[in-house]
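FYI, it's all coordinate maths here, none of it is from the lab. Every value quoted in this text rests on a predicted model; they were computed, and no experiment measured them. Methodologically, a virtual Cβ is constructed for each residue, glycine included, from the backbone with ideal geometry; neighbour enumeration extends over all protein chains shown.
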Amino acid sequence: MGRRTATTRTAALLAAMTLSLAACAESEEGGGGSGASADETGPITIGAVLDITGAGASLGVPERQALELLAAQLEEEGGIDGREVELIIEDNQSTEDGAAKAMNKLVNEDEVDIVLGASRTGPSLAMRPIAESSETPMISLAANQAIVDGSEWVFKTAQNDRVVIERMIDYMAEQGWSTIGLARDASGFGEGVQEMFDEVGAEQGLSVVATEKFAPDATDFTAQMVNLRNAGADVNVIWGIPPAAGLAQRAYDQLGIETPVMQSHGIGNQVFLDTSGEAAAGMVAPLGRLVVAEQLPDDDPQKEIITEFIDAYTAEFGAGPSTFSGHAYDGWQLAVDALREVGTDPQAIREHLEGVTDFTGISGTFTMTPEDHSGLTKEALVLVTVEDGQWQLVPDQAD
């Protein structure tokens, strides 16, 4: 199954036309659907629920830009099999309640064929029951494995927190560390992380000896960082998203803590670099390949795809994409590939996504199954550090 270059249009351009056609379709088919129609004529609709404002804006804004770019490209190509494709984007304001309301609107009012989002774990979990009950295919752009565990209708593109932790534990073991201090996001993004570190680390003799929590919109991290320092672990982990993760990194540096520090995969954008500044130097994190695209070997199967996306995104928006833009790219491409291959029947879309094999994207190469609705392993991640304010592959991965 190859990569598809695809995209759609924004909601404003076709809202009136879509409502009219949806009404006609409902009349002809004998009623509305559960988020998708089996009718294979008229516009195709893709919904997106993103954290455009609020604590998750550094994720949601670049995701929105990526989707709008891809939508415009697909429109120029004539849509999917000659059918127009409409993209309807909703802002959940970085809240679970906002995500649930947006999901209900997309499913019950707009009757979209598939939903992308949300940007973060908590809002995605709030959307999941609606996707399941309405039997609407959904592709989350967030990380926590709980989003897809046991799910029938929900898939995801961000690397699971479990594979991230596997990558981190491997590195920690190579360094000879055995104890971990953890400061984690108190939202859904950080739920279960301590337990997962202990579980994954058990085989290699690593465990968490101290855990601190912080709100996603926190600005003062002094207390948490002091407590980590006093715990005396071999390595400390900051598990969050920007700007909070960057502010925590600054507090860590300002306190002069000499213990090695790692960050999670939630920091892959310029906001983290800008917020943390010089404090990020030497920090290590497992990230997707997008942030170090130019450093990848030419035979890396993702390099061409990533480079093309970076070039198109930069030309459109004047700055390069983030890791989170890449999650949106992958969700879009997987959705469009399914719609192109099997049409808009929701069951067919779901079965198609469960059969995705060797689908190369920005976040990795996806192989999904009925038991695995994420489809990425720890090989989708590389270890990076920061030098002179720029992402750099750690030395042993540069070959």
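List of remarks:
- What the Cβ-Cβ distance of residue 135 and residue 388 gives, at R0 = 30 Å and to the nearest 0.05, is a FRET efficiency of 0.05.
- Look at where the Cα atoms of segment 173-247 and of segment 108-147 average out, and the two centres are 28 Å apart.
- Within segment 172-299: Cβ-based charge dipole about Cα centre, in debye rounded to nearest 20 (Lys, Arg +1; Asp, Glu -1): 320
- Charged-residue dipole, Cβ positions (Lys, Arg, Asp, Glu), segment 105-238 about Cα centre, Debye nearest 20: 400
- Volume of the Cα convex hull of segment 91-240, divided per residue and given in Å³: 97
- Where N is the number of residues in the chain, Cα Rg divided by 2.2 N^0.38 Å: 0.97
- Taking all pairs of distinct alpha-carbon atoms in segment 193-276, Kirkwood radius in angstrom: 13.3
- By the equivalent-ellipsoid construction on the alpha carbon gyration tensor, segment 108-189 comes out with semi-axes of 32, 12, 9 Å, ordered largest to smallest.
- Per residue, the convex hull volume that the Cα atoms of segment 172-235 enclose (Å³): 77
- Between residue 83 and residue 372, the FRET efficiency estimated from the beta carbon spacing at R0 = 41 angstrom works out to 0.85.
- For the chain, the membrane-span-like helix rule (DSSP H, alpha carbon extent of at least 18 Å along the helix axis, mean Kyte-Doolittle at least 0.5) picks out 11-29; this says nothing about an actual membrane.
- Based on DSSP H segments of at least four residues, each scored -39500 (n - 2.57), the chain has a per-residue ellipticity at 222 nm of -12500 deg cm²/dmol.
- Charge context of residue 386, other residues only, Cβ under 14 angstrom, K/R +1, D/E -1: -4
- Separation of the residue 303 and residue 347 label points, Cα + 7 Å toward Cβ, nm: 4.5
- Estimated FRET transfer efficiency (residue 234, residue 316; beta-carbon r; R0 45 Å; 0.05): 0.50
- When each of 105/303; 101/213; 105/213; 303/378; 213/303 is checked by Cα-Cα distance, pairs over 26 Å: 105/303; 101/213; 105/213; 213/303
- Among 118, 48, 281, the residue with the largest mean-square fluctuation in a Gaussian network model of the chain, with springs joining Cα atoms closer than 10 Å, is 281.
- Charged side chains reduced to their Cβ positions (Lys and Arg at +1, Asp and Glu at -1) give the chain a dipole of some 940 debye around its Cα centre.
- Across every pair of non-identical alpha carbons in segment 269-399, the mean reciprocal distance, once inverted, gives a Kirkwood radius of 16.1 Å.
- Extreme residue, positive dipole direction of the chain, given options 73, 164, 273 (C-beta unit charges): 273
- Segment 118-166: proportion of alpha-carbon pairs further apart than 17 angstrom, %: 24
- Taking all Cα pairs closer than 8 Å and separated by 6 or more residues, the relative contact order of the chain comes to 18 percent.
- Peptides 338-349, 252-263 ranked from most to least packed by the mean count of surrounding Cβ atoms within 10 Å: 338-349, 252-263.
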